[in-house]
Amino acid sequence: MVKLIKNKRAFTVVEILLTLSILGFILLMVTLNARKQLPDLHKARYKKAYLTVEKTVSELINDEQMYPSLFLGLKYLETVVTEFGEPIGIVQNAKFRDAFIYTVDPIKEDIPCQCLGGKDCKCFMTDDGVVYGIPDTDFENVGVLSNFYDERVKYLPITVYTDFEKSQKNNTFSEDAMYIGVQYDGNIKIFHPAKCTVKDKNRYCKAEEYLMSDSIKKEK
């Protein structure tokens, strides 16, 4: 009996390399597209930070026990005692800062960091990885921020870090920190120069651009 032997044709090296190149290109395109779809972590964190400041300030200024004087608003510096018996406002000029920290309930306090607006500053981290820095100055001595906007209004600056570890490692406070200003009547604004545009590469414009971003990434 005659056995028929079929010739089996193997792939050449060129064909294998061509196939791998095509697969690699497809994988690259999928990866780039996936990155575009994911929200920027810094934008998400800053937007959450802004909303946190907005919500916390609103809670404090509407708390009749914490700030019973509507006329003085957040300038009211009399010491109060929380429901858990903790006094807030013992340290002079630090009532807003300590009340803010108490309300936010951070996961880590007393973080060494640079902070705008005062010699003594407390920095703390919330569960979403954002680090806030608030000076111990009051709303009278915070200084007139005449370089920001057109109005000469006093704002207490809250320094915000969306990537605190990077800024500390590379010593890039002036590039990475962003600021949210709080007025004694509860009004808040982003700090940025009058001629700032989102095309500029400074932290003020970056903050404005982040706030206008569409998505907020909820971190677990």
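What to note about this one:
- Any hit, segment 78-87, residues being surrounded by 18 or more Cβ atoms within 10 Å (Cβ to Cβ) and in contact (Cβ under 8 Å) with a residue 12 or more places away in the chain: no
Yes/no per residue for (1) touching a strand residue (DSSP E or B) at 6+ places or on another chain (Cβ under 6 Å); (2) closer than 19 Å to K43 by Cα; (3) modelled with pLDDT under 85:
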site	(1), (2), (3)
M125	yes, yes, no
N147	no, no, yes
K201	no, yes, yes
K206	no, yes, yes
D214	no, yes, yes
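- Residue pairs whose Cβ atoms lie under 8 Å apart, separated by 6 or more positions or on different chains, with the first residue in segment 102-131 and of a type in the set (S, T, N, Q) and the second assigned to a loop (DSSP other than H, G, I, E, B) and crowded, with 17+ Cβ neighbours inside 10 Å, are Q114/A177; T126/P106.
Here's the yes/no breakdown for (1) touching a helix residue (DSSP H, G or I) at 6+ places or on another chain (Cβ under 8 Å); (2) surrounded by 19 or more Cβ atoms within 10 Å (Cβ to Cβ):
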{"position": "K108", "(1), (2)": "no, no"}
{"position": "I111", "(1), (2)": "yes, no"}
{"position": "C115", "(1), (2)": "no, yes"}
{"position": "D136", "(1), (2)": "yes, yes"}
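- Scoring Y179 on the criteria (1) at pLDDT 90 or above; (2) aromatic (F, W, Y); (3) in contact with a Pro (Cβ under 7 Å, 6 or more places away or on another chain) leaves a single failure, condition (1).
The values are calculated or read from the model by the stated rules, or taken from the named source; none is laboratory data. Please read these numbers as outputs of a predicted model, since none were measured by experiment. Cβ atoms come from the backbone with ideal geometry, glycine included; neighbour counts cover every protein chain shown.
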